[in-house]
Amino acid sequence: MNVLLLGSGGREHTLAWKIAQSSILSQLFIAPGNAGTSTVGTNVNLNLADFDTMLAFVVDMSIDIIIVGPEQPLVDGIYDFFKANEKTKNVIIVGMSKEAAQLEGSKEYAKSFMKRHNVPTAAYKSFDSNSVANGENFLDTLQSPYVLKADGLAGGKGVLIIDSLAEAKDSLSDMLLNNKFGEASNKVVIEEFLSGIELSVFVLTDGEKFVVLPEAKDYKRIGEGDTGLNTGGMGSISPVPFADAIFMDKVLEKIIKPTVKGIKADNMDYSGFVFIGLMKVGDEPYVIEYNVRMGDPETETVIPRMKNDILELFQEMNNGNLDKVKMNFDKRTAASVMLVAGGYPESYNKGNRIFNLEKISNTIAFHAGTINDDKGNVITNGGRVIALTSFGKTINDALNLSYKAADIISYDKMYYRKDLGKDL
Ligand code: AMP
Ligand code: GLY
């Protein structure tokens, strides 16, 4: 198969690394990719918003399958665009229609989907600029803390959790009347606060049949002890000890099956991942959010645990055979530690040379924000720089290997959290 993988983060290097091991791979292209993806395939400088140029590339290179890493091209309708063109309508796309991508692209769309299909989630109401007063009244009926969510994509920053009622009301009008998050906050979902512990669950579905991938825990805050600003993710661990068999069975019956049934009942064109962000409240799972892609940095632990040939898996999905696939996973724990640029998630420098990557063994260095300079050196090119993934019998064994690797690698103002897994 000729493969085009879209994206340039740690998730994409991990997917590229896995695809490169497939027995049915011919050529692997990554657009735009990073310094890591160029070691397992060919980077191509395509703009993910320019569908026409991508189409020409797909036709020229006889691409058989397009794997869409990030959500934006899906929300922008890349799936519909390729399916509507005579030349590319048979290309397998790991993705879904623009409509279905609203499961991630619009919080209100996702919440009404959950309500309609009886998927457990926090109680909510949504408001627009004409209903600010109703929103304030709704806040009066809730208990602190208050959860306000911009409806649209806001780069993971559109969720506010606020203790004071007065502040929550101010933020509501800031979002609806003063465009606090631009167009993303033309509508706002206000929901009940769920108190519990979070985990990420991943499903691959053709819109009817599905397979479940290993769950993972992601560390979102920049600071140790889960303090400070939210980031794209500072590391991940899979499997998650508190997600025992009884709990995961509840997730299957109460969350995954109704979600996939809902996708079918709503006639969504779907052939891709569903990433379910869950809160375990007591012993019960509640959906916090859906994403229509794999998580990052969860991919960096979930995909290395998968033993199946990933291209064969996508082929089975395309043939409607996911119910016949036997999934095999490494039983050991995978832990990934994200090395980031000092200052991230606020302002930070790019272009710092990364040393000693070649000295890493027993750990896989998945590149996130990296690029090759004109001398072939690997330099930093983003806030999240390298995800160090290791396996171990226990969480600590796996983490210790990743932390050893982190001691070897260096670049100016390198930072990572040293407390991953302590909460588990
Ligand atoms: P989201 O973008 O919807 O995943 O929200 C971002 C983060 O806010 C989540 O990962 C949770 O940590 C938190 N969060 C979102 N909704 C709730 C809720 N209803 N109760 C408690 N925490 C929440
Ligand atoms: N790790 C969270 C995300 O990918 O959105």
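The values are calculated or read from the model by the stated rules, or taken from the named source; none is laboratory data. Predicted, not measured: the structure shown is a model, and the values here were computed from it. With ideal geometry, Cβ positions are generated from the backbone for all residues, glycine too; neighbour counts draw on all protein chains shown.
All conditions but one from (1) aliphatic (A, V, I, L, M); (2) under 20 Å from the mean Cα position of the chain (by Cα); (3) surrounded by fewer than 20 Cβ atoms within 10 Å (Cβ to Cβ); (4) away from ligand 1 (no atom under 15 Å from the Cβ) apply to LEU229; the one that does not is (4). May I ask you to verify whether GLY105 is within 16 Å of ligand 2 (Cβ to nearest atom) and either surrounded by fewer than 21 Cβ atoms within 10 Å (Cβ to Cβ) or of a type in the set (Ser, Thr, Tyr) (or both)? Against the criterion (within 16 Å of ligand 2 (Cβ to nearest atom) and either surrounded by fewer than 21 Cβ atoms within 10 Å (Cβ to Cβ) or of a type in the set (Ser, Thr, Tyr) (or both)), GLY105 does not qualify.
Inside region 134-174, residues that are more than 30 Å from PRO73 (Cβ to Cβ), without any contact (Cβ under 8 Å) to a residue 40 or more places away in the chain and aliphatic (A, V, I, L, M) make up a count of 4. Within region 338-351, residues that are at positive phi and of a type in the set (Gly, Ala, Ser) reach partners that are surrounded by 13 or more Cβ atoms within 10 Å (Cβ to Cβ) and not in a loop (DSSP other than H, G, I, E, B) with beta carbons closer than 7 Å, at six or more positions or on different chains, in the pairs GLY351/ILE379; GLY351/THR380. Within region 314-326, is there a residue that is under 30 Å from GLY36 (Cα atoms), in contact with a Ser or Thr (Cβ under 9 Å, 6 or more places away or on another chain) and part of a strand (DSSP E or B)? No, the conditions are met nowhere in region 314-326.
Of all residues in region 90-130, those being touching a residue at least 12 places away in the same chain (Cβ under 8 Å) and either part of a loop (DSSP other than H, G, I, E, B) or polar (S, T, N, Q) (or both) number 17.
The sole residue among GLY343, GLY369, GLY376 that is modelled with pLDDT of 95 or more, more than 30 Å from ASP244 (Cβ to Cβ) and exposed (fewer than 15 other Cβ atoms within 10 Å of the Cβ) is GLY343. Restricting GLY36, GLY7 to residues that are touching a His at 6+ places or on another chain (Cβ under 7 Å) and either closer than 24 Å to GLY232 by Cα or at pLDDT below 95 (or both) narrows the list to GLY36. If the condition is being assigned to a loop (DSSP other than H, G, I, E, B) and within 16 Å of ligand 2 (Cβ to nearest atom), then region 131-158 contributes GLY152, LEU153, ALA154, GLY155, GLY156, LYS157, GLY158.
Checking each residue in region 10-33 for being surrounded by 24 or more Cβ atoms within 10 Å (Cβ to Cβ) and either of a type in the set (S, T, N, Q) or modelled with pLDDT under 95 (or both) picks out only THR14. A search for C-beta distances below 8 Å between a residue of region 364-379 that is under 15 Å from GLY41 (Cα atoms) and any residue that is assigned to a strand (DSSP E or B) and aromatic (Phe, Trp, Tyr), counting only pairs 6+ apart in sequence or on different chains, returns nothing. The residue of region 159-198 that is farthest from ligand 2 (Cβ to nearest atom), among those that are at pLDDT 95 or above, surrounded by 14 or more Cβ atoms within 10 Å (Cβ to Cβ) and small (Gly, Ala, Ser), is SER173. Just one of (1) under 21 Å from the mean Cα position of the chain (by Cα); (2) away from ligand 1 (no atom under 14 Å from the Cβ); (3) not β-branched (Val, Ile, Thr) fails for LEU103. It is (2).
Quick grid of which residues meet (1) within 16 Å of ligand 1 (Cβ to nearest atom); (2) buried (at least 18 other Cβ atoms within 10 Å of the Cβ); (3) at pLDDT 95 or above:
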{"position": "VAL260", "(1), (2), (3)": "no, yes, yes"}
{"position": "ILE263", "(1), (2), (3)": "no, yes, yes"}
{"position": "TYR270", "(1), (2), (3)": "no, yes, yes"}
{"position": "MET279", "(1), (2), (3)": "yes, yes, yes"}
{"position": "THR299", "(1), (2), (3)": "no, yes, yes"}
{"position": "LYS326", "(1), (2), (3)": "no, no, yes"}
{"position": "ASN356", "(1), (2), (3)": "no, no, yes"}
{"position": "LYS359", "(1), (2), (3)": "no, no, yes"}
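Of the residues in region 317-330, at least one is of a type in the set (Lys, Arg) and farther than 24 Å from GLY41 by Cβ.
LEU229 meets the conditions (1) under 20 Å from ALA341 (Cα atoms); (2) modelled with pLDDT of 95 or more in every case but one. The failed one is (2). If ARG221 meets every condition in (1) more than 15 Å from the chain's Cα centre (by Cα); (2) within 30 Å of ILE395 (Cα to Cα); (3) away from ligand 1 (no atom under 13 Å from the Cβ) apart from one, which number is that one? Only one criterion in (1) more than 15 Å from the chain's Cα centre (by Cα); (2) within 30 Å of ILE395 (Cα to Cα); (3) away from ligand 1 (no atom under 13 Å from the Cβ) is unmet by ARG221, namely (3).
Suppose the filter is within 16 Å of ligand 2 (Cβ to nearest atom), at pLDDT 95 or above and on the phi > 0 side of the Ramachandran plot; does GLY207 pass it? So GLY207 does not fit the description; no.
Which of the residues spanning region 92-132 are closer than 20 Å to LEU74 by Cβ and of a type in the set (Lys, Arg)?
LYS98, LYS107, LYS111 - these are the residues of region 92-132 that are closer than 20 Å to LEU74 by Cβ and of a type in the set (Lys, Arg).
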